[in-house]
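Just below is one structure, and these are the notes that go with it.
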Amino acid sequence: MARIMLKPLLRCIFRKIMRMGFLRRLLLTFTVVGIFICTGYFVMQSDFYVRSMNHPVINVSGSDRGRCCVSIHNSLDICGRPDCLWKCPLFEPQFPLPRRDQEKAFFHETSGVRALDFRQACSVESLAIMNPHLTVILLMSGKDIDWNSITMKTLGNYENIKIYNINLGDYFIHSPFRQWYFCSTWNYGSFAVSHLSDALRFLTLYNYGGYYFDLDIIMVQQVTRYRNFIVAENEKNLAAGALHVDYLHPVIRMAVEEFRETYRKDIWGHNGPLLLTRVMTKWCLTENIAEMNSDSCYGFEILPPKTFYPIEWPKWLRYFLEQDITWDNDTIGIHVWNQKSTGQAVSKTSEQVYTKLARSQCPSIFAMAPNVF
């Protein structure tokens with residue numbers, strides 16, 4: 001119907017243009033084309049178009065909670081819509097809350113799987129082994145956990161590893177990110193899983209403080225002697241794969257505010273590594289990462305790349321070659337760039353760099369892994 005109505009309109013516009021002089025026709029043509037382009041752009045960027053023409057990359061858990069009443073004094077829901085449906089539920093912890101003074105580290109699994117793969121499990125085990133006094137908390141975002149899987153059974157044997165399933169809707173509803181989670185179109189973006197991971201790490205550290213690590217870091221040294229740190233990936237950018245903040249530290253509060261105010265779903269690193277770079281530029285009053293240190297950053301540390309990123313991402317294949325690498329004495333963890341390397345096979349009988357790391361740093365998981373994993 002819309003197409004039928006549009007054809008006469010276009011014919012009418014074309015006839016009027018043809019009756020005019022050349023310059024006026026040219027000017028009017030550019031004007032009409034410009035209007036169509038601008039209108040099309042704003043329509044395609046609209047929430048209605050995105051939701052109606054695309055499928056979400058992630059189905060928002062507990063999306064009905066977005067219609068709950070934020071206040072007993074008005075009828076607006078979380079997203080500012082009238083006629084909310086029911087009172088927002090009270091806050092309920094998703095897992096046994098760690099003590100504020102407890103040394104703790106968090107991992108997040110955000111893809112929704114029921115069990116970790118062997119490489120992810122290796123990261124968790126290596127952290128627990130190298131830091132026996134650290135409580136290692138793995139938060140799974142799937143509907144349930146497969147406790148019969150080899151990896152989850154093996155990790156469950158460690159007293160300092162705690163594994164919990166969280167409902168994302170409940171996790172976000174009483175948080176600074178509730179409008180982002182329930183009301184925006186973040187879950188329709190190409191990088192939705194990655195951006196959910198960014199949001200979860202900042203929210204968890206905002207709520208509890210402690211360490212956060214990506215699930216593709218193999219620990220080779222104790223980390224607990226380092227506090228309040230972010231790691232530089234290179235001389236231009238900070239990374240978001242390994243960090244620590246004390247509970248309610250101003251840096252994590254700045255990160256949360258920056259995420260809410262500047263979120264972009266079309267740029268992979270904008271809400272993670274680049275966000276931390278922006279935050280620390282403000283906190284340390286310098287854009288030069290080389291100048292960011294404990295003095296200029298008010299006690300916050302910027303650790304050098306060799307501590308967690310001894311091999312830069314363009315050279316990630318080195319981890320899967322049969323060669324010897326001598327790690328620096330300051331290297332704490334080995335980030336193996338899972339986003340690039342996930343399809344690269346690891347053989348238990350080889351002398352690949354990854355194989356040697358896993359054999360020594362996550363022995364239980366390595367023993368249970370298949371010959372190629």
Run the reach check for Lys282 against lysines, Cα to Cα strictly under 27 Å, same-chain hits fewer than 8 apart removed. What comes back? Lys236, Lys265, Lys306
Please report, in whole Å³, the volume per residue of the convex hull around the C-alpha atoms of the stretch 272-348. 118 Å³
Quantify, in whole percent, the carbon and sulfur part of the accessible surface of the chain (1.4 Å probe; protein heavy atoms only). 56 percent
Just reorder Lys104, Lys153 by solvent-accessible area, largest first, 1.4 Å probe, all chains present. Lys153, Lys104
Sorted by accessible surface (1.4 Å probe, heavy atoms of the protein chains only), largest first, Glu351, Glu235, Glu301 come out as Glu235, Glu351, Glu301
Per residue and in cubic angstrom, what volume does the convex hull of the Cα atoms of the stretch 61-210 have? 115 Å³
Burial ranking of peptide ranges 208-214, 264-270 (average Cβ count within 10 Å, highest at the top): 208-214, 264-270
Could you tell me the largest-minus-smallest coordinate of the C-alpha atoms of the stretch 96-148 on each of the three principal axes, in descending order and whole angstroms? 31, 23, 19
Would you mind calculating the relative contact order of the stretch 205-271 from Cα pairs under 8 angstrom and at least 6 residues apart, reporting the percent as a whole number? 36 percent
What is the antiparallel percent of DSSP beta bridges lying wholly in the chain, to the nearest 5? 40 percent
Mind checking the per residue accessible area of the chain for me, 1.4 Å probe, whole number of Å²? 53 Å²
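How long is the gain from Leu97 to Asp324 if the chain were fully straight, where each residue apart is worth 0.36 nm and the alpha carbon distance is subtracted? Can you show the working numbers first?
Values: separation 227, 0.36 × 227 = 81.72 nm, distance 4.23 nm.
That pair, Leu97 and Asp324, stretches by 77.5 nm at full extension.
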Report Rg(Cα)/(2.2 N^0.38 Å) for the chain, keeping two decimals. 1.20
Which ³J(HN,Hα) values, rounded to whole Hz and listed in residue order, are derived for the stretch 177-184 from phi using the Karplus coefficients 6.51, -1.76 and 1.60 in 6.51 cos²θ - 1.76 cosθ + 1.60 with θ = phi - 60°, glycine and proline given as x? 9, 5, 5, 4, 5, 8, 10, 9
Calculated log₁₀ intensity ratio I(q)/I(0) where the Debye formula runs over C-alpha points of the stretch 198-312, q = 0.14, 0.15, 0.19, 0.23 Å⁻¹: -0.52, -0.60, -1.01, -1.54
Please give the helix 2-19 orientation as an angle from the longest Cα principal axis of the chain, in degrees from 0 to 90, rounded to the nearest 10. 60 degrees
How much of the DSSP bridge set in the stretch 61-186 is antiparallel, in percent, rounded to the nearest 5? 5 percent
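The values are calculated or read from the model by the stated rules, or taken from the named source; none is laboratory data. Quick caveat, the model's predicted, so the values are computed rather than measured. Note that we place each Cβ from the backbone using ideal geometry, even for glycine, and neighbour counts take in every protein chain shown. Keep in mind that these areas ignore ligands, DNA and RNA; they rest on the heavy atoms of the full protein, side chains included. Shrake-Rupley method; radii C 1.70, N 1.55, O 1.52, S 1.80 Å.
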